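Enquirer: Dumping the structure here so I can ask a few things about it.
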Amino acid sequence: MAEEKCAAAKKCGGCQYQGIPYKKQLEKKQQYLEKLLKNYGKILPIIGMENPYYYRNKVHAAFDRDRKGNVIAGIYEANSHHVVPVEKCLIEDEKSQEIIRTIRDLAKSFRIKIYDEDTGYGLLRHVLVRRGFQSGQILVVLVLSSPILPSKNNFVKALRQIHPEITTIVLNVNDRHTSMVLGEREIPLYGPGYIKDTLCGCTFRISPKSFYQVNPVQTEILYQTAIRFADLKGTETVIDAYCGIGTIGLVAAKDAGRVIGVELNRDAVRDARVNAKENGIRNADFFQGDAGDFMVSMAQKGEKAEVVFMDPPRGGSDKKFLSSAVKLSPKKIVYISCNPETLARDLKYLTGHGYRMEKAQGVDMFPFADDVETVCLLSSRK
Ligand code: SAH
């Protein structure tokens, strides 16, 4: 595989491993995992990608103006809110990048004011594009500082004329002085307001604010690894904690007795319930709330679960969750982590409270970035 070179590598804060051959990147990630986790158990060799380019199904562009006043779309410089114009990114989906370039050019011809973070004036803040790699469906989210987009219908029409492949367009209102990309309010401008995509044979509806893994090729490997580690026999009660739109639990449901998912984000829970129904899965229920609180209440009620999948955000889990998980005393905990540091911290707790780490498997979800995804199997010593 030929190495490609990124023109924005020096400035853009997106990739830390630009210029490092892919094989070397994988070695670095493996060493990092071994350093942090080797005291707990066996670390299998990280699974890399055959083709580590253009893998991101979600592309986020921040908008700004350059010194000459031209509209630019790009990525923030590391640790700043200075937008580095990116003409071509090597890890983002190419079609989505094309759409962002079109929106940048349309913003100029439609005279859409670009939001200025310092003064709070202007309209267009960000554009988010998500493409279902299997379904081909494309979601475009225009993040504006106000619900009113002048010449809205003509803008949508012009965009769709150039990109008939876009299946839905949503206006997201973010009128706050914040570094969060998305605001609360959403106004569908075209199509159903979500896309669908397929992973591991199940179809998932994905709303703009719901989490969806950004590297679908590796996600299938990640989920298959997690489910293989769980080694389900068809009768178990399985918890899918931090379940997002229900992906892991729904893929596992055919091998389980019952699946219980818990997730904080309301839109994601709504997606998860629809996803269960649309895939004809009847043994899965999804609850909205904090995963820790949910586990506490399960433990208090004396409920049982044989397997717990947990896939928390970067910050990892918390004492509330972990102590109740231990009380529920599942035979297996399959921990899916996007941050080895917090994984190591949580492993310390679990291995100190009756669990043993059997093995950990790195799956490279983020070529060229320094993030590391890991699936970890813990089993009860009892
Ligand atoms: N397992 C899913 C989602 C993983 S991302 C997938 O593979 O797609 C982590 C998820 O945890 C996000 O959906 C986020 O909304 C959710 N989350 C964050 N904090 C949470 C909490 N305290 N309780 C429950 N869910 C939480």
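Enquirer: Out of curiosity, is residue 237 at pLDDT 95 or above, under 17 Å from the mean Cα position of the chain (by Cα) and more than 26 Å from residue 181 (Cα to Cα)?
Expert: no
Enquirer: Any idea which of 160, 104, 130 is crowded, with 22+ Cβ neighbours inside 10 Å and modelled with pLDDT of 95 or more?
Expert: Checking each option against the conditions leaves just 130.
Enquirer: In region 191-219, how many residues are within 13 Å of the chain's Cα centre (by Cα), within 12 Å of the ligand (Cβ to nearest atom) and either assigned to a loop (DSSP other than H, G, I, E, B) or not hydroxyl-bearing (Ser, Thr, Tyr) (or both)?
Expert: 11
Enquirer: Additional query: Of the residues 305, 299, 268, which single one is among the small types (Gly, Ala, Ser) and within 24 Å of the chain's Cα centre (by Cα)?
Expert: Of the residues listed, the single one that is among the small types (Gly, Ala, Ser) and within 24 Å of the chain's Cα centre (by Cα) is 268.
Enquirer: For region 8-30, indicate whether the set of residues that are in contact (Cβ under 8 Å) with a residue 40 or more places away in the chain, farther than 30 Å from residue 82 by Cα and either surrounded by fewer than 18 Cβ atoms within 10 Å (Cβ to Cβ) or not aliphatic (A, V, I, L, M) (or both) is non-empty.
Expert: Yes, region 8-30 contains at least one residue that is in contact (Cβ under 8 Å) with a residue 40 or more places away in the chain, farther than 30 Å from residue 82 by Cα and either surrounded by fewer than 18 Cβ atoms within 10 Å (Cβ to Cβ) or not aliphatic (A, V, I, L, M) (or both).
Enquirer: Just need a number here: residues in region 346-375 that are within 16 Å of the ligand (Cβ to nearest atom) and more than 17 Å from the chain's Cα centre (by Cα).
Expert: Matching residues across region 346-375 total 2.
Enquirer: Right, something else. Conditions first: (1) at pLDDT 95 or above; (2) surrounded by fewer than 22 Cβ atoms within 10 Å (Cβ to Cβ); (3) away from the ligand (no atom under 16 Å from the Cβ); (4) more than 26 Å from residue 365 (Cα to Cα). Residue 184 passes all but one, so which condition is the exception?
Expert: (3)
Enquirer: Also, quick follow-up: Is it true that residue 280 is over 12 Å from residue 307 (Cα atoms), more than 15 Å from the ligand (Cβ to nearest atom) and free of Cβ contacts under 8 Å to residues at least 40 places away in the same chain?
Expert: yes
Enquirer: Cβ-Cβ distance below 9 Å, separation of 6 or more or different chains: which pairs start in region 360-382 with a residue that is farther than 17 Å from residue 311 by Cα and in contact (Cβ under 8 Å) with a residue 12 or more places away in the chain and end on one that is part of a strand (DSSP E or B) and not aromatic (Phe, Trp, Tyr)?
Expert: Cβ pairs passing all conditions: 380/332; 380/333; 380/356; 381/356.
Enquirer: Still on this model: Suppose the filter is in a loop (DSSP other than H, G, I, E, B) and within 27 Å of residue 51 (Cα to Cα); does residue 97 pass it?
Expert: No: the conditions fail for residue 97.
Enquirer: Additional query: State whether one or more residues within region 242-250 are more than 9 Å from the ligand (Cβ to nearest atom) and crowded, with 18+ Cβ neighbours inside 10 Å.
Expert: yes
Per-residue answers, yes or no, for (1) crowded, with 22+ Cβ neighbours inside 10 Å; (2) out of contact with any Phe, Trp or Tyr (no Cβ under 8 Å at 6 or more places or on another chain):
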| site | (1), (2) |
| --- | --- |
| 49 | no, no |
| 57 | yes, no |
| 88 | no, yes |
| 91 | no, no |
| 142 | yes, yes |
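Enquirer: Shifting gears a bit: Tell me which of these residue 231 doesn't satisfy, since it passes every other one: (1) surrounded by fewer than 17 Cβ atoms within 10 Å (Cβ to Cβ); (2) under 23 Å from residue 126 (Cβ atoms).
Expert: Only one criterion in (1) surrounded by fewer than 17 Cβ atoms within 10 Å (Cβ to Cβ); (2) under 23 Å from residue 126 (Cβ atoms) is unmet by residue 231, namely (2).
Enquirer: While we're here: Filter region 331-350 down to the residues that are small (Gly, Ala, Ser) and surrounded by 24 or more Cβ atoms within 10 Å (Cβ to Cβ) and list them by number.
Expert: 337
Enquirer: Any residue at all in region 10-32 that is outside any helix (DSSP H, G or I), under 26 Å from residue 197 (Cβ atoms) and modelled with pLDDT under 95?
Expert: Checked against the condition, which is being outside any helix (DSSP H, G or I), under 26 Å from residue 197 (Cβ atoms) and modelled with pLDDT under 95, region 10-32 yields at least one hit.
Enquirer: Here is a follow-up. Identify all residues within region 178-207 that are under 29 Å from residue 223 (Cβ atoms) and of a type in the set (Phe, Trp, Tyr); write none if there are none.
Expert: Result: 194, 204.
The values are calculated or read from the model by the stated rules, or taken from the named source; none is laboratory data. Here the structure is a predicted model, which means the values were calculated and not measured. Cβ: placed from backbone, ideal geometry, glycine included. Neighbour counts: every protein chain shown.
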